[in-house]
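The values are calculated or read from the model by the stated rules, or taken from the named source; none is laboratory data. Note that the structure is a prediction, hence the values are computed from the model and not measured. A quick note on method: Cβ atoms are made from the backbone with ideal geometry, for glycine too, and the neighbour counts reach across all protein chains shown.
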Amino acid sequence: MSKTIKRYGYVLAVAAALLLPQVVSNTYYVTMFCLTLIYIIIAFGLNFITGMTGQMNLGTAGIFCLGAYTSALLTTKTSISPWIALIVVIGVGFLIGVGLGYPSFRLEGVYLSLTTIAFAEAVRQLANNMTDFTGGAQGVRNIPPFTVFGYEITSKIQNYYFILAFVILFGFISYRIMHSKWGRAFIAIRDNIDAVSTCGINTAHIKIIAFTLASVFGCVAGGLYAHYSSYINASTFTLNLSVTFVVMILIGGMGNLWGCILGAVIVSMLPEFLRFLGEYYQLTYSILILLCILFMPGGILSVVKKLKRKR
Amino acid sequence: MLEVKNIHASYGKVHVLHNVSIQVGEQEIVSIIGANGAGKSTLMRNIMGLYHPRSGDIRMDGESILRLKTDQIVKKGIVYVPEGREVFPDLSVEDNLEMGAFSRRYSAQKYKSLLEEVYEIYPRLKDRRKQLAGSLSGGEQQMVAIARGLMSEPKLIMFDEPSLGLAPVIVDEMFDVIVRINREKKLPVILVEQNAFAALSISNRCYVMENGVVTASGDSKVLMNSPEIKKAYLGG
């Protein structure tokens, strides 16, 4: 019963997402929607390592940045297609996962968080200061768009549907992984890491798998972002952005795809709805987020679940 | 089968185990009794590679496992059912059991027959297989922890305080199962217990630990009648 409801839920969500830009066709809003979709992919990835496995990752902006720069530089410096660059981007995500995961996932708690922050900052500084290669503070301009069957994806609405296709694909992949042996091992690590190793499972190995998934998702999102906005600049990828990603899954509900979607939508759209508050909007926004975390530590989804149980 | 030779272990500067040696042969139940803080759990944790002793050697089937990591030791066939019902509360009973089999690459058929085997030992777990382990009673969680240990087809199984915090009726059941596992699966068992009487009555041999030292060892029946053991552990 509840399974069929869930399936309908997914179908409804996709239908709503397909209709959205037809109903709200204001270009400014469609731009926002595109960015939200990109953030949803990142949240899906972060969900593996932070949401399910319980390892705090504050380096997502660095992952996102590397993905964006890899794709942007490859397609502007050489004339290869964004599709081929995308394959390279996936490879970069894999390398970050294994290369950064191996040394850092022997660390725990706050030391891990610090390492991931350091990684993201290092990436941002490199992007900002290797002027000859990355364009420095000027960023990378004129990044070519993706082409699908010979058509260039240029308008905002085209981009929206293009990115939405990726969201659906990555949502499906996430769903399959979450409900696999791996997914259950991720949750087991969050629940009780000592008991995981006494089950004969190499915990460092599982954490690295979760982290690699997060970095591949983050890099792909970065690639999509670069070609969608056609211009990137290192100042986008700050620690602030990394924290925002964590807030997304925290607010929506950790370890759940709906939570990721809800969190990404709320965190990216809320500032828009609060804009009428003028200069008080930043303050109101922060207070709202704080209240959310204080009173719904399991995320908005946990409240929905509680209401369901009461009924 | 398992041989612990003269190990010394410490947490920082505090010496916890002094020259401890124990042996476990094929198919026997060996109990380790002693008061709180005697070093029983530390000994288990050292065997499992959760801590590494400062000196001494630990051998399984003649091969040293001293420097191996926990997951590699489990692959050598030693399974540890930790104290305090360490289940995964957010996973269902069946998913908890799956974790026990994670490191073995069983065929689907083999996996199913193992699952049936543990459900036969604990039929109650079969009824609750879809339930989250965190929602079970203490006794049932302990069953999950034991069943999970059996899922990797161990060659030796160690129980750390399986009776801790359980109702007396359930404690009896727990010990019955341990004996049954030992007999039916011909599995050697190490049983760490504070409940000295129960431990002595089901084990073949026993080691008595005090302040990190093995102070007595031998046949459980003999120990049970020794005046010192009676006085210190069996209430007169």
Starting from residues that are touching an Asp or Glu at 6+ places or on another chain (Cβ under 7 Å) and assigned to a helix (DSSP H, G or I), keep the ones in region A:195-216 and report whichever is nearest to A:Gly97 (Cα to Cα).
-> A:Ser197
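For A:Ala188, indicate whether it is surrounded by 23 or more Cβ atoms within 10 Å (Cβ to Cβ), within 25 Å of B:Ile73 (Cβ to Cβ), of a type outside the set (Lys, Arg) and out of contact with any Asp or Glu (no Cβ under 7 Å at 6 or more places or on another chain). Working first, answer last.
Working: surrounded by 23 or more Cβ atoms within 10 Å (Cβ to Cβ): yes; within 25 Å of B:Ile73 (Cβ to Cβ): yes; of a type outside the set (Lys, Arg): yes; out of contact with any Asp or Glu (no Cβ under 7 Å at 6 or more places or on another chain): yes.
The answer is yes for A:Ala188.
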For region B:144-160, pairs from a residue that is over 14 Å from B:Leu191 (Cβ atoms) to a residue that is among the polar types (S, T, N, Q), with Cβ under 6 Å and 6 or more apart or across chains, are B:Val144/B:Asn96; B:Arg148/B:Asn96
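In region B:114-171, which residue that is aliphatic (A, V, I, L, M) and in a loop (DSSP other than H, G, I, E, B) is farthest from B:Arg183 (Cα to Cα)? Spell out how you get there, then give the answer.
Let us first name the residues in region B:114-171 that are aliphatic (A, V, I, L, M), namely B:114-115, B:118, B:121, B:125, B:132-133, B:136, B:143-147, B:150-151, B:156-158, B:164, B:166-167, B:169-171.
Now drop any that are not in a loop (DSSP other than H, G, I, E, B), which leaves B:136, B:151, B:164, B:166-167.
Working: B:Leu136: 28, B:Met151: 17, B:Leu164: 23, B:Leu166: 24, B:Ala167: 25 Å.
Among those that are aliphatic (A, V, I, L, M) and in a loop (DSSP other than H, G, I, E, B), it is B:Leu136.
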Just need a number here: residues in region B:43-89 that are more than 18 Å from A:Gly200 (Cα to Cα), in contact (Cβ under 8 Å) with a residue 60 or more places away in the chain and not in a loop (DSSP other than H, G, I, E, B).
-> 1
Would you please name the residue that is farthest from the other protein chains (Cβ to nearest Cβ), looking only at residues in region B:97-137 that are out of contact with any helix residue (DSSP H, G or I) (no Cβ under 8 Å at 6 or more places or on another chain) and farther than 23 Å from A:Ile201 by Cα?
-> B:Pro123
All-but-one check, B:Arg205 against (1) within 24 Å of B:Gly37 (Cα to Cα); (2) under 14 Å from the mean Cα position of the chain (by Cα); (3) of a type in the set (D, E, K, R), failing number (2)
Within region A:180-193, the residues that are at the interface with another protein chain (Cβ under 7 Å from one of its Cβ atoms), more than 23 Å from the chain's Cα centre (by Cα) and in a helix (DSSP H, G or I) are A:Asp191
Are any residues in region B:203-223 buried (at least 18 other Cβ atoms within 10 Å of the Cβ) and part of a helix (DSSP H, G or I), and if so, which ones?
-> B:Ser220, B:Leu223
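What helices (runs of 4 or more DSSP H) completely inside region A:64-159 contain at least 1 residues that are touching an Asp or Glu at 6+ places or on another chain (Cβ under 6 Å) and not hydrophobic (A, V, I, L, M, F, W, C)?
Numbers: elements: A:82-104, A:109-129, A:131-134.
Of the helices (runs of 4 or more DSSP H) lying wholly inside region A:64-159, none has at least 1 residues that are touching an Asp or Glu at 6+ places or on another chain (Cβ under 6 Å) and not hydrophobic (A, V, I, L, M, F, W, C).
Quick one: count up the residues across region A:220-256 that are outside any helix (DSSP H, G or I), among the β-branched types (Val, Ile, Thr) and buried (at least 24 other Cβ atoms within 10 Å of the Cβ). So that I can check it myself, show each step before the final result.
Keep residues of region A:220-256 that are outside any helix (DSSP H, G or I), which gives A:230-233, A:237-238, A:253-256.
Imposing the further condition that a residue be among the β-branched types (Val, Ile, Thr) reduces the set to A:232, A:238.
Now narrow it down to the ones that are buried (at least 24 other Cβ atoms within 10 Å of the Cβ): A:232.
Looking only at that region, the number is 1.
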Only one of (1) surrounded by 15 or more Cβ atoms within 10 Å (Cβ to Cβ); (2) in a helix (DSSP H, G or I); (3) not assigned by TED's automatic domain parsing to the domain that holds B:Val30 does not apply to B:Met174, and that is (3)
How many residues are of a type outside the set (Asp, Glu), out of contact with any Gly (no Cβ under 9 Å at 6 or more places or on another chain) and at the interface with another protein chain (Cβ under 7 Å from one of its Cβ atoms) when one looks only at region B:71-93?
-> 1
Per the list (1) surrounded by fewer than 19 Cβ atoms within 10 Å (Cβ to Cβ); (2) touching a Cys at 6+ places or on another chain (Cβ under 6 Å), residue check on B:Ala35 breaks on (2)
Total residues in region A:290-311, condition over 11 Å from A:Gly252 (Cα atoms) and modelled with pLDDT of 85 or more | 4
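What about A:Val88, is it surrounded by fewer than 22 Cβ atoms within 10 Å (Cβ to Cβ), within 19 Å of the chain's Cα centre (by Cα) and more than 23 Å from A:Phe245 (Cα to Cα)?
Numbers: surrounded by fewer than 22 Cβ atoms within 10 Å (Cβ to Cβ): yes; within 19 Å of the chain's Cα centre (by Cα): yes; more than 23 Å from A:Phe245 (Cα to Cα): yes.
Yes.
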Answer yes or no: is there a residue in region A:65-77 that is more than 29 Å from A:Ile193 (Cβ to Cβ), out of contact with any Gly (no Cβ under 7 Å at 6 or more places or on another chain) and free of Cβ contacts under 8 Å to residues at least 40 places away in the same chain.
-> yes
Hey, among the residues in region B:89-110 that are hydroxyl-bearing (Ser, Thr, Tyr) and modelled with pLDDT under 95, which one's nearest to A:Trp182 (Cα to Cα)?
-> B:Ser103
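Given the criterion out of contact with any His (no Cβ under 9 Å at 6 or more places or on another chain), within 30 Å of B:Ile146 (Cα to Cα) and away from chain B (no Cβ under 14 Å), identify the matching residue among A:Gly109, A:Gly150. Show your work before the answer.
On the way: A:Gly150 fails: within 30 Å of B:Ile146 (Cα to Cα).
Only one candidate qualifies: A:Gly109.
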